[in-house]
Amino acid sequence: MVRRHEPTDQEWELLAPLIPRAATGRPRVEDRRVINGMVYKIRTGISWRDLPERYGAWKTVYTRFRRYALDGVFTRALQQIQAQADATGDIDWLVQIDSTIVRAHQHAAATGRKGGGTGRNEPDDHALGRSRGGLTTKIHLACDGKGRPLAILVTPGQRHDSVCARPLLERIRVPRARTGRPRCRPDQVIADKAHSSRSFRAYLRKRGIAHTIPEKTDQRRHRLRRGCHGGRPPGFDRETYRRRNTIERCFNRLKGFRGIATRYEKTATSYEAAVTLASFLLWARSV
């Protein structure tokens, strides 16, 4: 019986083949039971210690989640389901990028290690930023034209979008179904004014990626002030830009997971793994 906040049978069938299994050793807790506990945790936002007993020992669920986060299990699962969709032509490569701010709970700040990471990919700041609103984390997201996540980047809340736009696009890697290099280049990119920088536009032109990004008022004024030396205005298609609301709806679905809408995880690695698992579930509902 599938309970509330647990993956359906269809979602589990997509995820089960991607869960690593040890060939030797003592019998372990059933994989589906543990994954159900992970999903329940990020859907409800409860503490690991408060997991219902039907998922087994909370420490077992947490240890398995942490191990999967460090090994990139959920990232590979997300890429695999993207590859299946791309093989059938189901991905709309009109890619949209944006970011959203997430408040960090006070428990997320107690990492216990000052100035040091807790894993090989863990940043020193644990992707926690301090502003007038308190501790925050920013989720940078690239989604396809159907509002499904393609790439995720977690940074401190004060990090500007234009700084993270290039690293975010470079995280798009959709494996081919059979052979060949992963697809990394969108057909077109849609972004808001926060991504309107000369360097980012030059990067997109160098890669041959069409883009629809509105020009900032001060940039337009500076270009006009320089006269003929200011260059031509960047192209902008209003009809295409209207589709940018798709990524806002994607954020809305992701923040339906209470463990995503508020950050409770202490490390950036664990929080990004939680966002990736939620993204996989969004994909599993659409394929």
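The values are calculated or read from the model by the stated rules, or taken from the named source; none is laboratory data. No experiment lies behind these values; they were computed from the predicted model shown. Don't worry about glycine lacking a Cβ; one is built from the backbone with ideal geometry, like all the others, and counts go over all protein chains shown. Protein only, heavy atoms only, side chains kept; ligands, DNA and RNA dropped before computing areas. Shrake-Rupley method; radii C 1.70, N 1.55, O 1.52, S 1.80 Å.
With a cap of 15 neighbouring Cβ atoms within 10 Å, and only residues DSSP puts in a loop, list the chymotrypsin sites (Phe, Trp or Tyr not before Pro) found in region 172-239.
Phe236
Once you keep just the Cα pairs under 8 angstrom separated by 6 or more residues, what percentage relative contact order results for the chain?
So the answer I get is 24 percent.
Within the chain, how many Lys pairs sit with Cα atoms under 18 Å apart, leaving out pairs fewer than 8 places apart on the same chain?
Going through the chain pair by pair, I get 10.
I want to verify a result. In a Gaussian network model of the chain, Cα cutoff 10 Å, which of these has the top mean-square fluctuation: Gly230, Gly259, Gly147?
Gly230
For region 212-284, what does the alpha-carbon gyration tensor say about shape, rounded, prolate or oblate, given a ≥ b ≥ c as the root eigenvalues, a/c under 1.5 as rounded, and a/b over b/c as prolate?
Prolate, since a/c reaches 1.5 and a/b exceeds b/c.
On the accessible surface of the chain, probed at 1.4 Å, how many percent belong to carbon and sulfur atoms?
Reported share for carbon and sulfur atoms: 46 percent.
Tell me the GluC sites (Glu not before Pro) within region 1-84 that lie in a loop according to DSSP and have at most 12 other beta-carbon atoms within 10 Å. Don't jump to the answer; show the numbers that get you there.
Values: sites: Glu11, Glu13, Glu30, Glu53; in loops: Glu30.
Answer by residue number: Glu30.
Take each uninterrupted DSSP H stretch in the chain, measure its Cα extent along the helix axis, and return the ones at 18 Å or beyond whose mean Kyte-Doolittle hydropathy is at least -1.0.
Helices passing the filter in the chain: 31-44, 58-71, 73-87, 268-286.
For Cα Rg over 2.2 N^0.38 Å, the listed values are [x] 1.08; [y] 0.95; [z] 1.38; which was obtained by calculation from the structure presented?
Step by step, Cα Rg over 2.2 N^0.38 Å for this structure corresponds to label [x].
Once amide H atoms are built 1.01 Å from N in the peptide plane, which residues 5 or more positions from Lys255, or in another chain, come under 5 Å H to H?
none
Towards the positive end of the charge dipole of the chain, with charges on Cβ (+1 Lys, Arg; -1 Asp, Glu), say which of Val95, Asn36, Leu224 has the farthest Cα.
Sorting the options by dipole projection puts first Leu224.
Considering only protein heavy atoms, what per residue accessible area in square angstrom results for the chain with a 1.4 angstrom probe? If you can, show how the numbers build up before the last one.
On the way: 15280 Å² over 287 residues.
Result: 53 Å² of accessible area for each residue.
Taking amide hydrogens as modeled 1.01 Å from N in the peptide plane, which residues meet the under 5 Å criterion relative to Arg183, leaving out close sequence neighbours?
Close amide H contacts, sequence-distant or interchain: Val174, Arg176.
From Cα pairs below 8 angstrom and at least 6 apart in sequence, can you work out the relative contact order of region 159-287, rounded to a whole percent? Mind showing how you got there, number by number?
Details: 96 pairs, mean separation 20.3, N = 129.
Value for region 159-287: 16 percent.
Which value in deg cm²/dmol, rounded to the nearest 500, describes the helix-derived mean residue ellipticity at 222 nm for the chain, given -39,500 (n - 2.57) per DSSP H run of n ≥ 4 and division by the residue count?
Working: 11 runs with 114 residues, N = 287.
Taken over the chain, the calculation gives -12000 deg cm²/dmol.
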